[in-house]
Amino acid sequence: MPSAAQAPSTPPPSPTASTPARPDLTDPRWKEYAQELVSSAENSTLDWRSQYPYVEDIGDGNGYTAGIIGFCSGTGDLADVITRYTALKPNNILAKYLPALAALDGSASHQGLDPTFVGDWRLAAQDPLLQQAQNEERDRQYFTPAVQQAKTDGLHALGQFAYYDALIVHGPVGFATIRTAALGKAKTPAKGGDETAFLNAFLDARKAYMLAADPNRNTSRIDTAQRVFLQAGNLDLRAPLNWKVYGDSYTIPA
């Protein structure tokens, strides 16, 4: 009796490309996006590296604002930058201002800084070590805590940036107040909530916080930037990015 024909074996499934991981702000490319977005609001340029020497009193009650994200003499983070710089380079022209800066925390005064601080800052900012100090304090105080909290809350790149920008502008206390208000309106994705709904609640809470302090405050870094990305469903903050801040238009190409 002839043997039965052997059934053909089922071919193995064709390999499929794995789903690419969603980006977050720790990716160097996305971190660059974040710095450019912040710089558009803080310094009206995407070239954030050109802003290491920046320094002026913008009249916001925080004294001198300086550097790549607006470290302030009246909020303590400018002193932190100079302290870090002094650890890297003990003999520097800014170290002499540390006692005055310690006394100015919470003040708009320039006492102990004028008339030489502005010129000394601009000169010192040419030093790669002061640039390093600015980068490191930015990451230590703002970037890393914001991204970590956003990841804990289940947020992707846009939400991570929203936290980062809020932490830069409002500090830890202001950021916590805004986030708490948002949590009263929506759940985070980590708690089973919808990411878009939570980010809308966060941006609403931040705008309300800003306007409560100053009803005339410009909120375009929310209205015509972060909200635009959110309304487009761009939770991964993928380029191209087009936005406006203070009426000026910016683009990050794909």
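The values are calculated or read from the model by the stated rules, or taken from the named source; none is laboratory data. Every value quoted in this text rests on a predicted model; they were computed, and no experiment measured them. Quick reminder, even Gly has a Cβ in these numbers, built from the backbone with ideal geometry, and neighbours come from all protein chains shown.
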Within segment 176-186, does at least one residue satisfy the condition of being assigned by TED's automatic domain parsing to the domain that holds Gln148, under 18 Å from the mean Cα position of the chain (by Cα), in a helix (DSSP H, G or I) and without any contact (Cβ under 8 Å) to a residue 24 or more places away in the chain? yes
Which one of these is surrounded by fewer than 19 Cβ atoms within 10 Å (Cβ to Cβ) and either more than 26 Å from Ser50 (Cα to Cα) or not hydroxyl-bearing (Ser, Thr, Tyr) (or both): Ala150, Ala146, Ala162, Ala181? Ala181
Just the residues that are in contact with a Phe, Trp or Tyr (Cβ under 8 Å, 6 or more places away or on another chain) and either without any contact (Cβ under 8 Å) to a residue 40 or more places away in the chain or in the same structural domain as Gly76 (by TED's automatic domain parsing) (or both), please, taken from segment 151-169. Tyr163, Leu167
Going by the conditions given, is Asp105 surrounded by fewer than 17 Cβ atoms within 10 Å (Cβ to Cβ) and either modelled with pLDDT under 95 or of a type in the set (A, V, I, L, M, F, W, C) (or both)? yes
Breaking point among (1) touching a helix residue (DSSP H, G or I) at 6+ places or on another chain (Cβ under 6 Å); (2) not in a loop (DSSP other than H, G, I, E, B), for Gly112: (2)
Out of all the residues in segment 186-206, is one or more of a type in the set (Lys, Arg), crowded, with 17+ Cβ neighbours inside 10 Å and in contact with a helix residue (DSSP H, G or I) (Cβ under 6 Å, 6 or more places away or on another chain)? yes
List the residue pairs whose Cβ atoms are under 6 Å apart, where the first residue sits in segment 227-254 and is free of Cβ contacts under 8 Å to residues at least 12 places away in the same chain, the second is surrounded by 13 or more Cβ atoms within 10 Å (Cβ to Cβ), and the two are 6 or more positions apart or on different chains. Thr251/Asn242
Would you check if Gly233 is small (Gly, Ala, Ser), in a loop (DSSP other than H, G, I, E, B), out of contact with any Asp or Glu (no Cβ under 8 Å at 6 or more places or on another chain) and at negative phi? no
Any chance Pro90 is modelled with pLDDT under 95 and surrounded by fewer than 20 Cβ atoms within 10 Å (Cβ to Cβ): no
Just to verify a result, which residue in segment 39-67, among those that are assigned to a loop (DSSP other than H, G, I, E, B) and touching a strand residue (DSSP E or B) at 6+ places or on another chain (Cβ under 7 Å), is surrounded by the most Cβ atoms within 10 Å (Cβ to Cβ)? Gly63
Matching residues in segment 68-88 - criterion: being part of a loop (DSSP other than H, G, I, E, B) and touching a Phe, Trp or Tyr at 6+ places or on another chain (Cβ under 6 Å): Ile68, Ser73
Scan segment 118-130 and tell me whether some residue there is over 13 Å from the mean Cα position of the chain (by Cα), surrounded by fewer than 16 Cβ atoms within 10 Å (Cβ to Cβ) and outside any helix (DSSP H, G or I). yes
